[in-house]
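Here is the structure we will look at.
The values are calculated or read from the model by the stated rules, or taken from the named source; none is laboratory data. Please read all numbers here as calculations on a predicted model, not as lab measurements. Reconstructed Cβ throughout: ideal geometry from the backbone, glycine too, with neighbour counts over all protein chains shown.
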Amino acid sequence: MQPAEKQENTISEIDMKDIVALCKRRGFVFPASDIYGGINGFWDYGPLGIELKNNLRDLWWKHMVITPPIGPDGHPLQIVGIDSAIIQNPKTWVASGHVGGFNDPMVDCKESKSRYRADHLMVYTSGQDKWAAIYNEEDAAAIQKRLKKLGLSDDLSGYDIIPFDKIDQSDYAKIVGPDTKTPGTLTEPRQFSMMLDTYPGVVRDEDSKAYLRPETAQGIFLNYKNVLDSSRVKMPFGIAQVGKAFRNEVTPRNFIYRSREFEQMELEWFCHPDEAKKWRDFWFEERQKFWKLAGLSDDNMIMRDHDSDELSHYAKEGLGTVDIEYRFPFTTPGYGELEGIAHRCDFDLKQHQEHSGQKLEYVDPERGNEKYIPHVIEPAAGLTRGILALICEAYTPDPDRPSGVYMNFTPRMAPKKAAVLPLTAKDGHPDKAEKLYMDLREDFAVDLDIKQNIGKRYARQDEIGTPFCFTIDNDTLQDDTVTVRDRNTMNQERIAMDQVHSYLSEKMKA
Ligand code: GAP
């Protein structure tokens, strides 16, 4: 048998509609409240989506908490995990700068009643009197279509493209919004809070207002002292958390890329201020290795330094943020953020110290009991956005197979590692298959699929990205061998049934 080859998946030629359709058809992702027509910005993960999400989460947890990376001094890093509440004391968000600061400038359209983030609108200007404001995540073909619809030239090279927030207000009258035909309907940008609020308890007034966390990070800062007091970690060390976050995104779009409820995987790495640069560079390298291990190819990832005018409130004084970006089908030829590695300085701990009145200084025995508030390097990744990247990377059209497409997940990430398929539903095949399935399922997520013709069952496994299918046939009854079918090459070979377990174990290392 030939080795499993990585087939070419040309992201730029993939249509998101096909990916969304496969995700629904095969049970990866469904619109939330589907039977009621959905709810904008919310998604449910189906039987395979949850397996994929858990696999990425577990890989991250292993990489961070169970077997943390080896540090520059040759010793393993110290990282512990927590799981903090989604709702915290609302003072948290005042201290963190989210209440009052977690605002985006929004532009309203007086005609269509739509609302847009000012920093997401690009204005296409030319010599003419009519300018077009277009959402910056549109691809070139959609932009050309829009310009044509407005009676403007579709030659993109003839335009100056200016971010909406850089346009002089005296020119607003010329601009046509993304969802109208008439110029002059867009307002000037106004601040809009992205925090989703809720009212725990029986009284519903301003005093009882709390927030759904917009990031998992603050739960870590709130527990910094508890972790120091209860565990044996010493500077430098990390606290990791995976969990839900909520943002009232104005324009949730591009499937699960930007949603209102999503999941993050965040590490806060606490260190001496003098060592922040060393650790930022360290984590930048580590995080790239992680995404490659999860199956993203170098060709579809880039690393980007934040421009100085897009720095977060906490990063202004520090070394800034570097992003790991992925080329999604809807961003191509550009990229969209997957993870940011930020230097948060001592901003959060200082703020919480001031607002809570609790001392959060560290007394460093290794540095002659020097007292300081540690600096923080924060690799902050999207879990749900990460699985979208894995899905896009894996989606491989192939007209030569019945399914027309297969999902090229790495064996490590695949929701199902193998399928056990009796060739027929009689002649003793199902009994043998069940025996093999019972043996494998202790260690691997395995499917046992008995009915339907074998071609259809292979097609299903190709579409859900199962790397190996073991087929039981009449020969199995004679000599205890099974056929292994490789998803990518579709090659088949026979191996002894008692070798299947070790065969799969070996393949899972890929
Ligand atoms: N604690 C820092 C922080 O939250 P962020 O860049 O706002 O930083 C980190 O978020 C990651 O969370 C992003 O790189 C992205 O992968 C993911 N993320 C942010 N907003 C999201 C949304 N609305 N939907 C899905 N994922 C999102």
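Below is a table of values for the structure above.
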quantity	calculated
Number of the exception - G243 against (1) modelled with pLDDT of 95 or more; (2) within 25 Å of Y116 (Cα to Cα)	(2)
Hey, N474 touching a Leu at 6+ places or on another chain (Cβ under 8 Å), in contact (Cβ under 8 Å) with a residue 40 or more places away in the chain and surrounded by fewer than 22 Cβ atoms within 10 Å (Cβ to Cβ) or not	yes
Selection from segment 26-41 of residues that are without any contact (Cβ under 8 Å) to a residue 12 or more places away in the chain and of a type in the set (A, V, I, L, M)	I35, I39
Counted residues, segment 166-176 - those being touching a Leu at 6+ places or on another chain (Cβ under 8 Å) and either modelled with pLDDT under 90 or closer than 13 Å to P189 by Cβ (or both)	2
Helices (runs of 4 or more DSSP H) completely within segment 135-236 that count 1 or more residues being assigned by TED's automatic domain parsing to the domain that holds A85, within 20 Å of D104 (Cα to Cα) and of a type in the set (A, V, I, L, M, F, W, C)	217-222
Of the criteria (1) in contact (Cβ under 8 Å) with a residue 60 or more places away in the chain; (2) buried (at least 19 other Cβ atoms within 10 Å of the Cβ); (3) of a type outside the set (G, A, S), which one L421 fails	(1)
Residue in segment 226-235 that is buried (at least 20 other Cβ atoms within 10 Å of the Cβ), away from the ligand (no atom under 11 Å from the Cβ) and within 22 Å of R57 (Cβ to Cβ) present	no
In segment 314-347, residue modelled with the highest pLDDT [restricted to those that are charged (D, E, K, R) and out of contact with any strand residue (DSSP E or B) (no Cβ under 7 Å at 6 or more places or on another chain)]	R327
Neighbours by Cβ (under 8 Å, 6+ apart or cross-chain): first from segment 253-273, modelled with pLDDT of 95 or more and assigned to a loop (DSSP other than H, G, I, E, B); second of a type in the set (S, T, Y) and within 8 Å of the ligand (Cβ to nearest atom)	I256/T384; S259/T384
Residue in segment 276-285 that is outside any strand (DSSP E or B), more than 30 Å from E366 (Cβ to Cβ) and modelled with pLDDT of 95 or more present	no
Top-ranked residue in segment 477-499 [being within 33 Å of the chain's Cα centre (by Cα) and either among the aliphatic types (A, V, I, L, M) or within 19 Å of H429 (Cβ to Cβ) (or both); ranked as surrounded by the fewest Cβ atoms within 10 Å (Cβ to Cβ)]	M490
Filter result (part of a helix (DSSP H, G or I) and either touching a residue at least 24 places away in the same chain (Cβ under 8 Å) or over 14 Å from the mean Cα position of the chain (by Cα) (or both)) within segment 42-57	P47, L48, G49, E51, L52, K53, N55, L56, R57
Residue count, segment 241-277 (criterion: among the polar types (S, T, N, Q) and within 9 Å of the ligand (Cβ to nearest atom))	2
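Residue-by-condition table, conditions (1) outside the structural domain of D207 (by TED's automatic domain parsing); (2) of a type in the set (S, T, N, Q); (3) surrounded by fewer than 17 Cβ atoms within 10 Å (Cβ to Cβ):
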| site | (1), (2), (3) |
| --- | --- |
| I66 | no, no, yes |
| D73 | no, no, yes |
| P76 | no, no, yes |
| G81 | no, no, yes |
| I86 | no, no, yes |
| W93 | no, no, no |
| S96 | no, yes, no |
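Every residue, every condition in (1) surrounded by 16 or more Cβ atoms within 10 Å (Cβ to Cβ); (2) in contact (Cβ under 8 Å) with a residue 24 or more places away in the chain, yes or no:
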| residue | (1), (2) |
| --- | --- |
| F164 | yes, yes |
| Y172 | yes, no |
| T182 | no, yes |
| T185 | yes, yes |
| V202 | no, no |
